[in-house]
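Colleague: The structure that follows is given in the form of structure tokens.
The values are calculated or read from the model by the stated rules, or taken from the named source; none is laboratory data. Remember, predicted model here, so these are calculated numbers, not experimental data. Please note: Cβ atoms are built from the backbone with ideal geometry, for glycine as well, and neighbour counts cover all protein chains shown. Surface accessibility is based on the protein's heavy atoms, side chains included, excluding ligands, DNA and RNA. Shrake-Rupley method; radii C 1.70, N 1.55, O 1.52, S 1.80 Å.
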Amino acid sequence: MPLDLDLARNQLFSLPELYKSNFSIIDHKIRNTLNASDLLGIKQVIIVGNGDSYFAGMASVQTFQRYTSCIYKVVQSMRFFAYEHAFIKEYSPGQTLILGISASGESKRVVQALQEGRKSVPGSKIFVICGNPDSSVARVADKVIDVSIPDKGTAPGIRSYTASLFGLLGIALRLGELQGKIHLHEANAVRSSIPLLAPHVEKVINNSLQLIEKIKALPLRNVFTVVGSGNNYGTALFSAAKFVEIAGLNATSQDLEEWLHVERFAYPLDSTVLVVAPMGKSFIHAKKMIKVAKTIGHHIICLTDNPDDRFITETVDVCIPIYEVYDELFSNLLMYIPSIPFAIAYAERLERMMFMSDNVEIKDSRQALSKRLKEEM
Amino acid sequence: MIEIIKIKSNMQYECLNLNQMIQEVISKRGLKTGVCIIYNPHSTAGLFINSYLDPKTLLDIMDTIRSLVPTRIDFHHQFDTPSDAAGHIKSVLVGNSETVLVENGSLCIGGSQGILFAEFDGPREREVWITFLNTEEAR
């Protein structure tokens with residue numbers, strides 16, 4: 001059955017309400033579930049997940065570094081299951097928190113990874129962030145952070161990604177306040193600010209929609225790249241995935257700096273690059289990257305909270321203003337949003353349905369593969 | 001009318017002497033006599049009157065309060081932090097308001113006495129509320 005683009009649209013337009021209502025619900029669950037005896041002794045946090053769950057972990061690196069004193073690692077579940085679990089160092093037992101993320105709660109690879117983690121590090125704490133507290137992933141965990149949200153369709157993962165970001169932010173704040181890295185009132189100030197992002201989420205959606213025709217007019221080559229740094233490397237990973245899932249583009253992601261080392265040598269020379277450029281530590285590097293990319297001949301879509309920057313206005317092809325990012329750390333909560341309407345726009349331009357669901361030539365083999373992967377995953 | 005004095009603690013546990021700030025309010029209002037009620041609206045802080053002359057006295061007081069209510073991880077109140085949970089109990093033991101007389105435009109307190117705000121979960125921005133009863137203004 002073809003997966004209609006309205007499934008993505010409905011999720012997109014429901015995001016403001018999600019920010020307004022559900023961060024607080026998820027945060028309350030975290031505070032009622034995780035207490036001082038759970039978290040005081042934790043020295044390292046290892047996130048394990050696939051796909052959007054992994055991307056959410058990558059989009060939260062700086063969040064954990066800012067608010068906690070823990071070492072923070074993000075590992076794909078297959079890599080953790082096959083390799084990494086055997087090399088976790090603890091200086092005394094109980095210092096490790098292995099945090100699995102699975103929106104559905106049925107990712108077999110995450111289940112296997114957590115089981116291996118428990119065998120290799122017997123004193124570790126195994127918690128999960130998932131959307132189903134009765135799922136397979138939940139059953140292998142010591143504690144479950146329930147990030148279930150009202151159902152507006154599950155594919156592609158947009159709301160579930162947001163819920164994972166909320167869960168990770170809530171856990172970082174909880175770790176930080178219990179371990180004394182941040183004061184309770186500082187954590188509460190952050191908590192209060194997230195629902196207030198709801199009108200800004202709506203603005204980002206509207207700003208993006210207003211520029212759809214300009215986006216559609218950019219040439220579509222056989223490669224589309226999204227770049228970002230810090231937490232927004234995770235944003236780039238997620239955004240590229242949505243261009244693949246929704247529009248079937250050959251979209252890839254890369255770190256801002258690494259693009260200058262690697263991708264600048266790639267053809268075609270006039271591909272479109274989406275640059276995530278919040279004000280902050282990577283803004284200057286983003287401008288350097290944009291300058292080099294434009295010189296080569298690439299087309300640039302720029303997401304920034306400094307759209308009036310003269311270089312940006314004079315250089316990029318399309319600039320989407322993302323206002324009210326008062327701290328670069330929280331730009332990950334807004335910068336992923338434009339990828340959705342843009343991916344929908346490209347899908348319409350290419351007359352494609354999501355996840356290749358309209359491709360009748362590969363329909364049978366695709367269904368068989370999806371079924372097999374679902375059983376395995 | 002309630003006057004709000006804004007203060008800021010700089011440490012997790014701290015005593016702040018409010019005498020001067022309250023005296024400034026009295027002078028600003030031009031009060032000659034009256035009853036001054038000082039109120040602490042925070043549930044993890046306290047208000048008490050004691051000697052401020054030797055800072056080590058205040059250290060003794062705060063150390064004793066902390067030993068009576070050590071910060072543990074097994075409080076029933078888990079939603080916030082252990083320091084917050086302990087702070088609630090300390091606030092109950094110390095109390096949240098003081099009443100002091102005003103005479104001849106000055107606070108009537110002993111020579112070594114300070115009206116002390118006790119911070120039990122800082123550092124934080126805090127407030128102290130003040131009001132006056134039976135006042136007479138200076139002419």
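Colleague: Enumerate the strands (runs of 3 or more DSSP E) found wholly within the range B:65-136, keeping only those where 1 or more residues are touching a Lys or Arg at 6+ places or on another chain (Cβ under 8 Å) and more than 14 Å from chain A (Cβ to nearest Cβ).
Modeller: The qualifying strands (runs of 3 or more DSSP E) are B:97-103, B:113-119.
Colleague: Another question, if that's okay. Can you tell me which of A:GLU186, A:GLU213 is among the charged types (D, E, K, R), open to solvent by 30 Å² or more (accessible area, probe 1.4 Å), farther than 26 Å from A:ASN22 by Cβ and free of Cβ contacts under 8 Å to residues at least 12 places away in the same chain?
Modeller: Every option except A:GLU213 fails the conditions.
Colleague: Yes or no: A:LEU175 free of Cβ contacts under 8 Å to residues at least 24 places away in the same chain and touching a Lys or Arg at 6+ places or on another chain (Cβ under 9 Å)?
Modeller: No: the conditions fail for A:LEU175.
Colleague: Now, a different point. So A:VAL204 fits all but one of (1) closer than 21 Å to A:GLY51 by Cα; (2) more than 14 Å from chain B (Cβ to nearest Cβ); (3) open to solvent by less than 30 Å² (accessible area, probe 1.4 Å); (4) modelled with pLDDT of 95 or more; what number is the exception?
Modeller: The single condition A:VAL204 does not satisfy is (1).
Colleague: Just give me the residues in the range B:34-50 being assigned to a strand (DSSP E or B) and open to solvent by 30 Å² or more (accessible area, probe 1.4 Å), in sequence order.
Modeller: Matches in the range B:34-50: B:VAL35, B:ILE37, B:TYR39, B:ILE49, B:ASN50.
Colleague: In the range A:35-49, what residues are more than 9 Å from every other protein chain (Cβ to nearest Cβ) and among the hydrophobic types (A, V, I, L, M, F, W, C)?
Modeller: Those that are more than 9 Å from every other protein chain (Cβ to nearest Cβ) and among the hydrophobic types (A, V, I, L, M, F, W, C): A:LEU39, A:ILE42, A:VAL45, A:ILE46, A:ILE47, A:VAL48.
Colleague: Residues A:ALA286, A:ALA247, A:ALA251: which one is in the same structural domain as A:PHE224 (by TED's automatic domain parsing) and open to solvent by 10 Å² or more (accessible area, probe 1.4 Å)?
Modeller: Of A:ALA286, A:ALA247, A:ALA251, the one residue that is in the same structural domain as A:PHE224 (by TED's automatic domain parsing) and open to solvent by 10 Å² or more (accessible area, probe 1.4 Å) is A:ALA251.
Colleague: Would you be able to say whether some residue in the range A:216-230 is closer than 20 Å to A:ALA347 by Cβ, in contact (Cβ under 8 Å) with a residue 24 or more places away in the chain and assigned to a helix (DSSP H, G or I)?
Modeller: Checked the range A:216-230: at least one residue is closer than 20 Å to A:ALA347 by Cβ, in contact (Cβ under 8 Å) with a residue 24 or more places away in the chain and assigned to a helix (DSSP H, G or I).
Colleague: Looking only at helices (runs of 4 or more DSSP H) that lie completely in the range A:270-377, which have at least 2 residues being within 21 Å of A:ILE215 (Cβ to Cβ)?
Modeller: Because the criterion is at least 2 residues that are within 21 Å of A:ILE215 (Cβ to Cβ), the helices (runs of 4 or more DSSP H) in the range A:270-377 that meet it are A:283-296, A:310-315, A:339-350.
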